[in-house]
Amino acid sequence: MKNLKKVLFIVVFILIAFVGGMFFANKQTEPEITSTLIQNRIEQASDLVTTKYHYAKVGKFENSLSLNGWSIPLTNKNFILTFEGEIQLGTDLSKAKVDIKDSTIYVTVDKPTVISNSIDESSIEVYDETKNIFNPISVNDYKKFAVEQKETALSEAKKKGLMKTAQENTKKSVKEIISIIPDTDEYTIEVAFKEIGRAS
């Protein structure tokens, strides 16, 4: 009977030690929530593309030769261009700043900027193209006009609230990155943007 009690005691002791060891091991492997940990996770995302804006446009090009500010007759050239393009906006997360106060994680990042604004060349179609021997249409006419149209598309997109949408998407993306880290669900995440001209 005494031997049985000893065996049971040893078994119970081993179980307690095993469970305690597993608990301690789990605690050791769980990441400690620090500003450095969060900042490293955010920086791993590098340039974060948060917003894509697709546009389709029709533009008319017109030009004529001039002399002393007067348009020369019979030198007018023009064409109509239809095309599609895409604007991508993102934020450089390598410049993010993270602070933790009580149960709130504060993240400050740069405001989204335009990463690219490109026209899909396969979508370009030309209509009503003139054939003027005195002022022929050149490749530079198409290139210059395309650049102007891209800038116009960007300006129109901004008026429609593109930058505000990009900021909201950035906040959402940063929060999603942080939420992947274990135990961060216990924290409130606040994302703000750096003011232009202020140091990080």
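The values are calculated or read from the model by the stated rules, or taken from the named source; none is laboratory data. From a predicted model like this one, the values you see are computed outputs, not experimental measurements. Reconstructed Cβ throughout: ideal geometry from the backbone, glycine too, with neighbour counts over all protein chains shown. Quick note on the areas: whole protein, heavy atoms, side chains included, nothing else; ligands and nucleic acids left out. Shrake-Rupley method; radii C 1.70, N 1.55, O 1.52, S 1.80 Å.
Quick one: L89 ticks every box in (1) open to solvent by less than 60 Å² (accessible area, probe 1.4 Å); (2) assigned to a strand (DSSP E or B); (3) out of contact with any Pro (no Cβ under 9 Å at 6 or more places or on another chain) bar one, so which box is it?
For L89, the failing item is (3).
Which of the numbered conditions does T36 fail, given that it passes all the others? Conditions: (1) surrounded by 15 or more Cβ atoms within 10 Å (Cβ to Cβ); (2) under 30 Å from F193 (Cα atoms); (3) modelled with pLDDT of 85 or more.
Among (1) surrounded by 15 or more Cβ atoms within 10 Å (Cβ to Cβ); (2) under 30 Å from F193 (Cα atoms); (3) modelled with pLDDT of 85 or more, T36 violates only (1).
If I filter segment 112-135 for residues that are of a type outside the set (A, V, I, L, M), closer than 28 Å to T184 by Cβ and outside any loop (DSSP other than H, G, I, E, B), do I get at least one hit?
There is at least one residue in segment 112-135 that is of a type outside the set (A, V, I, L, M), closer than 28 Å to T184 by Cβ and outside any loop (DSSP other than H, G, I, E, B).
So which residues in segment 93-111 are assigned to a loop (DSSP other than H, G, I, E, B), open to solvent by 50 Å² or more (accessible area, probe 1.4 Å) and under 13 Å from V191 (Cα atoms)?
If the condition is that a residue be assigned to a loop (DSSP other than H, G, I, E, B), open to solvent by 50 Å² or more (accessible area, probe 1.4 Å) and under 13 Å from V191 (Cα atoms), then K111 is the only one that fits.
Does K52 qualify as being of a type outside the set (A, V, I, L, M, F, W, C), modelled with pLDDT of 75 or more, open to solvent by less than 80 Å² (accessible area, probe 1.4 Å) and assigned to a strand (DSSP E or B)?
No, not satisfied.
Can you tell me which condition D185 does not meet? The list is (1) exposed (fewer than 14 other Cβ atoms within 10 Å of the Cβ); (2) under 30 Å from K60 (Cβ atoms), and all the others hold.
Condition not satisfied by D185: (2).
Select, from I119, I133, the only residue that is of a type in the set (V, I, T), modelled with pLDDT under 95 and surrounded by 12 or more Cβ atoms within 10 Å (Cβ to Cβ).
Within the list I119, I133, the selection yields I119.
Identify the single condition in (1) in contact (Cβ under 8 Å) with a residue 60 or more places away in the chain; (2) within 16 Å of the chain's Cα centre (by Cα); (3) under 27 Å from L37 (Cα atoms); (4) open to solvent by 20 Å² or more (accessible area, probe 1.4 Å) that T165 does not satisfy, given that it satisfies every other one.
Here T165 clears every test but (3).
Assess whether I181 counts as being assigned to a loop (DSSP other than H, G, I, E, B) and out of contact with any Ser or Thr (no Cβ under 8 Å at 6 or more places or on another chain).
yes
Give the residue that is nearest to K172 (Cα to Cα), with candidates limited to residues of segment 58-86 that are part of a strand (DSSP E or B) and of a type in the set (S, T, Y).
Going through the qualifying residues, I end up with T82.
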